[in-house]
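Take a look at the structure below.
The values are calculated or read from the model by the stated rules, or taken from the named source; none is laboratory data. All values reported here derive from a predicted model rather than from experimental measurement. Counting neighbours? That spans all protein chains shown, and the Cβs are built from the backbone with ideal geometry, glycine included.
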Amino acid sequence: MAAEKPTILIVEDEPPIIELVTFTLKGAGWNVTAVQTAGEAWDFIQQRLPQLILLDWMLPDQSGLRLLSRIRADRQFNELPIIMLTAKSMEEDKIAGLDNGADDYVTKPFSPRELTARINALLRRKTPEHAQTLMTAGSISLDPISCSVSMNDEKIDIGHAEFKLLKFFLAHPDRVFSRSQLLDKVWGDHVVIEERTVDVHVLRLRKALKEAEHLIKTVRSVGYMLSEK
């Protein structure tokens, strides 16, 4: 069963860095797209929203800082997680990046391991359902990279829709979501699914979780949540 991997957009004009970063991130389980100008980056995010942007400070057509300001000024994109890649180690530049809305910055040269750790930390903070680290609750563990779910270290069979639903619940424990919120956040507002279909997927998820089905709780007149309490 293949779940969609999160896409990371690299905006960088130096081929050796593009190659290194692409190799590192694909190895960590992400889809990667690279563009070399701010203009191409803007065109890309209009067509397809990445989960995170790695944005170089110096680009051939305009500064990464200017693109960052443009993204943050747009309501559609202003929540996008963005890490600045910069050769500058000047404190003022880092402050300028953070002031303009960067979530984090990595100074070149950087280690691939550090970059992966920074990305994981930011995704956990801003969009926890896209983090690539092991997620657990009770006896259940979900591995986003191998797209597998285990109970007491034994793999269990689970459908694609139920996997996405469980991953979202694990990313937001002890929070109640209405059916319409789950439709929007798990399947996206471009998918036409009736709200009652969510009930069917929750039912199937509980069935797949067997004796751990109690983790998925119904909150009467509101929706569903995952809780160990």
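Checking the structure you have, find out if any residue of the range 11-31 is at pLDDT 95 or above, assigned to a strand (DSSP E or B) and either among the hydroxyl-bearing types (Ser, Thr, Tyr) or not assigned by TED's automatic domain parsing to the domain that holds GLY159 (or both). Checking the range 11-31: at least one residue is at pLDDT 95 or above, assigned to a strand (DSSP E or B) and either among the hydroxyl-bearing types (Ser, Thr, Tyr) or not assigned by TED's automatic domain parsing to the domain that holds GLY159 (or both). Consider the range 99-125 and keep the residues that are assigned to a helix (DSSP H, G or I) and either among the small types (Gly, Ala, Ser) or in the same structural domain as PHE168 (by TED's automatic domain parsing) (or both). The one that is surrounded by the fewest Cβ atoms within 10 Å (Cβ to Cβ) is ALA117. Note on the range 127-164: among residues that are assigned to a helix (DSSP H, G or I) and touching a residue at least 60 places away in the same chain (Cβ under 8 Å), the one that is surrounded by the fewest Cβ atoms within 10 Å (Cβ to Cβ) is HIS160. For GLY223, the conditions (1) surrounded by 15 or more Cβ atoms within 10 Å (Cβ to Cβ); (2) under 22 Å from ARG124 (Cα atoms) are fulfilled apart from (2). For THR7, the stated conditions hold: it is modelled with pLDDT under 90 and under 21 Å from the mean Cα position of the chain (by Cα). If you go through the range 216-229 and keep only what is within 23 Å of the chain's Cα centre (by Cα) and either hydrophobic (A, V, I, L, M, F, W, C) or not in a strand (DSSP E or B) (or both), you end up with ILE216, MET225, LEU226, SER227. Looking across the range 173-205, the residues that are at pLDDT 75 or above, assigned to a helix (DSSP H, G or I) and surrounded by 18 or more Cβ atoms within 10 Å (Cβ to Cβ) come down to ARG179, LEU182, LEU183, VAL186, VAL198, HIS201, VAL202, LEU205.
Here PRO50 clears all of (1) of a type outside the set (A, V, I, L, M); (2) modelled with pLDDT of 90 or more; (3) surrounded by 16 or more Cβ atoms within 10 Å (Cβ to Cβ); (4) in contact with a helix residue (DSSP H, G or I) (Cβ under 7 Å, 6 or more places away or on another chain) except the condition numbered (4).
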